[in-house]
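Bear in mind these aren't lab numbers, they're just calculated from the coordinates by the rules spelled out. Quantities reported herein were computed from a predicted structural model and do not represent experimental measurements. In this analysis, Cβ positions are derived from the backbone assuming ideal geometry, glycine residues included, and neighbour counts consider all displayed protein chains.
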Amino acid sequence: MGQNILLTKKTKTVKGEVHLTGSKSECNRALIIEALSNGKVRVENISDAADAVTLQEVLKSGTLKTNTDSGLKTQDLRLVNIGPAGTAMRFLTACFTLQDEEVVLTGSERMKQRPIGVLVDALRKLGAEISYEENEGFPPIRIKGNIRQLTNSISIKGNISSQYITALLLIAAKLPLGLELHIEGDLTSRPYVEMTLAMLQQAGVKHRWNDNTISIPRQEFKQTVLSVEPDWSAASYWYAIAALADEADLFLHGLTQYSLQGDSVITEIMANFGITSQFGDGGVHLHKEAKPVTRKIFDLKECPDLAQTIIVVCAALNHEATFTGLETLKIKETDRIKALQNELAKIGVKLIEKGEIYKLDCSGKFIPETLFINTYEDHRMAMAFAPLALLVPQVEIENAKVVEKSYPAFWSDLEKVGFVVEVKGER
């Protein structure tokens with residue numbers, strides 16, 4: 001599984017500057033748009049997150065090479081393995097229905113446990129030929145391209161992963177009949193869908209969103225450059241560090257007040273913990289002010305990737321908050337609810353589940369001398385728990401390389417602001 005990391009921090013003061021990688025969410029959408037655009041769209045500031053690197057390699061390998069106006073063309077590559085890259089799995093499932101050969105799309109063992117059935121069902125209704133190679137509803141899948149579209153109108157539930165919805169929207173303009181997507185019920189992670197539509201709009205693809213229906217007619221992309229902004233999800237860990245510090249003075253380069261990324265809401269959420277965000281000088285300044293935390297309920301439906309970060313901060317500060325909107329956490333890189341419960345138990349904190357409501361019980365909390373954190377092959381588990389090194393004398397985090405999925409420079413960035421980062425077994 002790779003080497004572990006030992007984290008220590010001698011003082012509870014954090015000062016420094018950080019350059020964040022490009023947003024994985026924006027980058028993966030931009031790369032698909034670029035591949036579908038027949039050379040009209042170019043992407044700048046490509047993320048070095050492993051998921052984005054994987055997707056870019058697949059797209060550049062010729063597996064998803066733009067051909068004629070009819071769609072995409074593969075070049076003799078039958079098997080595409082995207083490893084643990086969930087976004088790539090969802091987006092490519094849709095994209096490969098447009099090419100004119102057969103592809104088997106697979107991934108890591110964990111990826112084979114992550115459901116894809118909702119997206120496959122939707123694509124089949126449109127006319128795509130997709131079959132399961134192993135288990136019904138899960139990768140690997142065999143996709144026969146050259147979709148013969150049967151209808152332009154399909155429905156999809158709103159409370160599933162927004163990546164399914166985005167995958168459909170990204171290919172909509174290239175479908176022979178376009179797409180009318182009806183969203184049933186409340187839409188989870190709405191900002192991610194809005195991000196997708198905004199980026200398509202930048203690339204010349206127009207849409208209408210009336211009530212619960214998003215319509216995208218068949219149309220051409222326009223000549224444009226999509227510039228990927230820094231990753232607000234990565235920024236959230238610095239907000240957590242500031243919240244657990246006694247004093248914090250951090251500058252995060254490149255972030256702007258008006259972002260396509262839903263996770264930029266971290267500025268509002270962390271204001272509850274005394275963290276001020278001042279935009280200017282080409283980034284955002286974070287400062288810590290002493291402030292009692294009074295907010296009791298956090299609805300994370302629109303920003304589920306912030307859930308681990310916020311829950312760990314609340315636990316560390318003995319703040320017995322209640323959380324809603326966590327429905328999608330059980331089908332992420334790991335079952336994030338169970339993972340949080342397991343790891344918080346190591347400091348005596350319980351995350352109690354009652355239906356769709358979760359409550360922290362900090363009555364048994366203690367600070368151990370050392371703390372070992374299992375990561376469950378989940379990058380966000382590693383980074384959400386790393387700030388606890390401001391409270392615990394030594395934190396050991398399993399499988400240091402897991403952060404490469406979204407934020408490869410995380411450990412070296414921690415060193416820049418005064419954390420001692422030691423790879424276990426090296427001196």
Above-threshold pairs, the threshold being 29 Å between Cα atoms, out of 125/401; 112/206; 12/365: 125/401; 112/206
Förster radius 25 Å - calculated FRET efficiency between residue 40 and residue 409, Cβ distance, rounded to 0.05: 0.20
Distance-filtered residues of segment 1-28 - backbone nitrogen under 16 Å, label point 7 angstrom along residue 424 Cα→Cβ: 1-8
Contour excess over end-to-end distance, with Cα ends at residue 148 and residue 278 and 0.36 nm allotted per residue: 41.6 nm
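What is segment 24-219's relative contact order, in percent, from Cα pairs under 8 angstrom and six or more apart in sequence? Spell out each step's value before the answer.
On the way: 392 pairs, mean separation 33.0, N = 196.
Answer for segment 24-219 is 17 percent.
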Cα-based helix-to-principal-axis angle, 117-126 vs the chain, degrees rounded to 10: 20 degrees
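Using a ≥ b ≥ c from the Cα gyration tensor of segment 323-427 (square roots of the eigenvalues), is it rounded, prolate or oblate, where a/c under 1.5 gives rounded and otherwise the larger of a/b and b/c decides, a/b for prolate? Could the numbers behind the result be given before it?
Numbers: a/c = 2.32, a/b = 1.42, b/c = 1.63.
The shape class here is oblate.
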Gained length - residue 135 relative to residue 416, 0.36 nm times residue gap less alpha-carbon distance: 96.6 nm
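Calculate, in nm to one decimal, what residue 324 and residue 12 gain on full extension: separation in residues at 0.36 nm each, minus their alpha carbon distance.
Details: separation 312, 0.36 × 312 = 112.32 nm, distance 3.06 nm.
In short, 109.3 nm is gained.
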Nearest-ten-degree value, helix 232-244 long axis tilted from longest Cα axis of the chain: 10 degrees
Euclidean distance between Cα centres, segment 27-51 to segment 377-422, Å: 28 Å
Folded to 0 to 90 degrees: helix 24-36 orientation relative to the chain principal axis, Cα: 10 degrees
Distance in nm between pseudo-label sites at residue 113 and residue 291 (7 Å out along the Cβ direction from Cα): 3.9 nm
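Taking only C-alpha pairs under 8 Å that are 6+ residues apart, what is the relative contact order of segment 299-344 in percent? Could you put the intermediate results ahead of the total?
Values: 31 pairs, mean separation 19.2, N = 46.
Over segment 299-344, the number comes to 42 percent.
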Relative contact order (%) - the chain, alpha-carbon pairs under 8 angstrom, separation at least six: 20 percent
Along the chain, longest interval not containing exposed chymotrypsin sites (Phe, Trp or Tyr not before Pro), exposed being DSSP loop plus at most 15 other Cβ atoms within 10 Å: 1-257
Percent breakdown of C-alpha pair distances by 5 Å bin, ordered from the shortest bin, for segment 24-219: 1, 8, 18, 23, 23, 17, 8, 2, 0
